[in-house]
């Protein structure tokens, strides 16, 4: 009887030495939205009983390193977005493997409307909102991305972090719209329609110059 118990124990040890029965990955899939963005995937090798095997170490690999790369020590894999598309990362331990799909969605270009901005500067300045649609390399819309605008000549107009353009002064400039590294330009023309009261007063002499000026001589 003891002989059989010893053989069973030896068999269990031999099976345990062969590797895990399965590997769990957390998260089960990865979504990345910018080149260079990173995410961590944790692998848990498990025995047939379901118990974790923390001494088992993953060998990480990617099905397409043009899309995503994976590096890591032991059972923590760091996934990095490299290009637009889909790939699969893989953790392998002793012939047992687990895979997680990786989707990298990058903004390739922007569709901006209107194609030209005609702004009127009034006493109470108001912005013009641009309709910005981010598109991937296949021309499909990419949702949930914020558009940032800026003007090349801020004496004419200024942008903001909401995809708006504000008139500042009469003239022409170009507004640049940026979303996740993709950009587009829109010509801008501003007409100054402020009233006389709304226009800034022209300062001919600064207060400092007035203080420094010698007092006027009294007439005799």
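Each reported figure results from applying straightforward, stated rules to the coordinates on display, with no laboratory input. In this text the structure is predicted, and so the values were computed from the model without any measurement. Backbone-built Cβ (ideal geometry, glycine too); neighbour counts: all protein chains shown.
Cβ crowding within 10 Å, taken as a proxy for footprinting-reagent exposure, orders 151, 58, 157 from fewest neighbours to most as 151, 58, 157.
Taking other C-beta atoms within 10 Å as the exposure proxy, 61, 173, 195 rank 195, 61, 173 from fewest upward. Working from Cα pairs under 8 Å separated by at least six residues, relative contact order for region 20-104 is 35 percent. The simple spin-label model puts a point 7 Å past each Cα toward its Cβ; for residue 176 and residue 28 those points are separated by 4.4 nm. Take every DSSP beta bridge whose two residues both sit in region 109-192; close to 85 percent of them are antiparallel. Quick one, what does Rg over Rh come out to for region 20-104 if you take C-alpha atoms and the Kirkwood Rh? Taking Rg over the Kirkwood Rh, I get 0.99.
Using Cα-Cα distances under 8 Å and only pairs 6 or more residues apart, what relative contact order does region 110-168 have, in percent?
Taking the mean separation of contacting Cα pairs over the length of region 110-168, I get 33 percent.
Note on residue 21 and residue 78: the extension gain reaches 18.2 nm, defined as 0.36 nm multiplied by sequence separation minus the Cα-Cα distance.
Neighbour counting of Cβ atoms within 10 Å sorts the residues 123, 64, fewest neighbours leading, into 123, 64. Look at the alpha carbon pairs under 8 Å that are at least 6 residues apart: their mean separation over the length of region 70-120 gives a relative contact order of 26 percent. Site pair residue 192 and residue 138 shows an inter-label distance of 5.1 nm when each label is modelled 7 Å from Cα along Cα→Cβ.
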